[in-house]
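Structure first, then comments.
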Amino acid sequence: MPTEFSFLPELASTFAWQVDALYILMVVLTIIFTGGVFAAIAYLAIKYKRRSDDERPTPILGSIPLELAWSIIPLFMAMGVYFLGADLYFRLYRAPTEALDIYVIGKQWMWKVQHAEGKREINELHVPIGQPIKLTMSSEDVIHSFYVPAFRTKKDVVPGRYTTIWFEASKLGEFHLFCAEYCGTEHSTMIGKVIVMEPVDYQNWLSGGSGKSETMVQAGERQFGQLGCETCHKQTSSGRGPSLLGVYGKPVLLENGSEVMVDEDYLRESILNPQAKIVEGYKPIMPTFQGQISEESLLQILTYIQSLGAAE
Ligand code: CUA
């Protein structure tokens, strides 16, 4: 708990101060312009007050330099704010490749978290300090929004697709996690905490707990077998479905001649709605797995397919 009153939440991620700086810059600019306009109104109202009934003012024909000044100066200010904002936005929403992957599922009314090593938690998210963390998120039911004010980061968590955010915690401790999208009667209880730990403590925490759990990739591989995926998707091109070896992150040619990037959303769609996009040279014979796979299992199968892509 912060002891002194603070106008803004504490700063606990590497770009938190940049978000604040931009915000404060916009507040200051707004105050300057609002103050300027009101001061000008007051000054001009007094200066050009009608002093007698028969007073006739001298006509004013305008001033090109003045008009150029009040157009060009604010243009540069506005474009400055725009470029600062755009730059920050791109850095905020594009995760560095070395980021640690963690998976988040929102449901009414809780946050479920899976770490790649297999550890799971609910309404808590343990992360190491000083390392970029990438969250891949989806929802089981309605739209939620993952919001950590101290990190200045927020992103909607949407059913039927994956959204990602990333951050790098710069301060040890516990920070509020909120759902920032009204999602039903218990929306206000859909809260949790992010626990930022030293990397060593995080490793200990990951390996702690009951027994040795399987990693997400192992769980994905197991279900890939159990669901019978591998009877068609063999590791060679001899299967009835395309081989999934090395496909992740690359474009694939479809039957209709278009190309699609093999990413989380494409793989997800191909599992739940296989007829949507058929790979060139294959038949639309795959059954849907809609309703048979939980969001957790989908993420595990995705990490398994990703691991096949990396294994070259
Ligand atoms: Cu989930 Cu509000």
ask   = Among Arg50, Arg161, Arg268, which one shows the biggest mean-square fluctuation in a GNM of the chain, springs joining Cα atoms closer than 10 Å?
value = Arg50
query = Where the centre of each part is set by its Cα atoms, how far does segment 51-97 sit from segment 255-303, in angstrom?
reply = 50
Dipole of segment 173-296, positive end: most advanced residue of Tyr202, Ser243, Phe175 [Cβ charges, Cα centre] = Ser243
task = Determine the shape class of segment 237-280: with a ≥ b ≥ c the square roots of the Cα gyration tensor eigenvalues, call it rounded for a/c under 1.5, and otherwise prolate if a/b is greater than b/c, oblate otherwise.
result = rounded
task = Kindly provide the GluC sites (Glu not before Pro) of segment 124-189 that DSSP labels as loop, not H, G, I, E or B, and whose Cβ sees at most 16 other Cβ atoms within 10 Å.
result = Glu140, Glu186
Candidates Leu66, Leu299, Leu135: whichever shows maximal mean-square fluctuation once the chain is modelled as a Gaussian network with Cα springs under 10 Å = Leu66
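Net charge within 15 Å of Pro96 by Cβ-Cβ distance, Lys/Arg positive one each and Asp/Glu negative one each, not counting Pro96 itself?
After counting each charged neighbour, the total is 0.
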ask   = Of Lys112/Lys277; Lys112/Lys134; Lys119/Lys155; Lys155/Lys250; Lys119/Lys250; Lys134/Lys155, which ones are farther than 19 Å apart at the Cα?
value = Lys112/Lys277; Lys119/Lys155; Lys155/Lys250; Lys119/Lys250
Relative contact order (%) - criterion: Cα under 8 Å, at least six apart; region: the chain = 15
task = Could you provide, to the nearest whole Å², the per residue accessible area of the chain with probe 1.4 Å?
result = 59
key: Solution diffusion estimate, µm²/s, Stokes-Einstein, segment 1-79, Kirkwood Rh from C-alpha pairs, 25 °C, viscosity 0.890 mPa s   = 143
Mean projected area (nm²) of the alpha-carbon convex hull when segment 84-171 is viewed from all directions = 6.1
ask   = Counting DSSP beta bridges in the chain, what percent are antiparallel, to the nearest 5?
value = 70
message = Suppose the chain between Ala39 and His176 were pulled fully straight at 0.36 nm per residue; how much longer would it get relative to their current alpha carbon spacing?
response = 45.1 nm
request  = Please state the charge dipole magnitude for the chain, taken about the Cα centre, from unit charges on C-beta atoms (+1 on K and R, -1 on D and E), reported in debye and rounded to the nearest 20.
outcome  = 520
ask   = Which sequence of Met286, Met261, Met137 reflects their accessible areas, 1.4 Å probe, from the largest down?
value = Met261, Met286, Met137
remark   = Excluding residues fewer than 8 positions from Lys283 in its own chain, the lysines with Cα under 17 Å of it are Lys234
request  = Note down the net charge around Ile195, summing +1 for each Lys or Arg and -1 for each Asp or Glu among other residues with Cβ under 10 Å from its Cβ.
outcome  = -3
inquiry  = Quick check: convex hull over the Cα atoms of segment 1-143, volume per residue in Å³, rounded to an integer?
reply    = 234
task = Loop only per DSSP, at most 15 neighbouring Cβ atoms within 10 Å: give me the chymotrypsin sites (Phe, Trp or Tyr not before Pro) in segment 244-312, ordered by residue number.
result = Tyr282
Tail beyond 25 Å, pair distance distribution of segment 91-229 (Cα, percent) = 27
Loop-located chymotrypsin sites (Phe, Trp or Tyr not before Pro) in segment 167-210 whose Cβ has at most 14 other Cβ within 10 Å (DSSP) = Tyr182
ask   = Around Gly228, with a cut-off of 14 angstrom between Cβ atoms, what is the net charge of the other residues, counting Lys and Arg +1 and Asp and Glu -1?
value = +1
Percent of Cα pairs exceeding the 31 Å cut-off, where the set is the chain = 49
ask   = At a 1.4 Å probe radius, carbon and sulfur cover how many percent of the accessible area of the chain?
value = 62
inquiry  = What's the ranking of 148-156, 74-82 by average number of surrounding C-beta atoms within 10 Å, highest first?
reply    = 148-156, 74-82
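The values are calculated or read from the model by the stated rules, or taken from the named source; none is laboratory data. Only a predicted model underlies this, so the values are computations on that prediction, with no experimental measurement involved. Using ideal geometry, Cβ is built from the backbone for each residue, glycine included, and neighbour counts are taken over all protein chains shown. Just the protein is used for accessible areas: all its heavy atoms, side chains included, with ligands, DNA and RNA removed. Shrake-Rupley method; radii C 1.70, N 1.55, O 1.52, S 1.80 Å.
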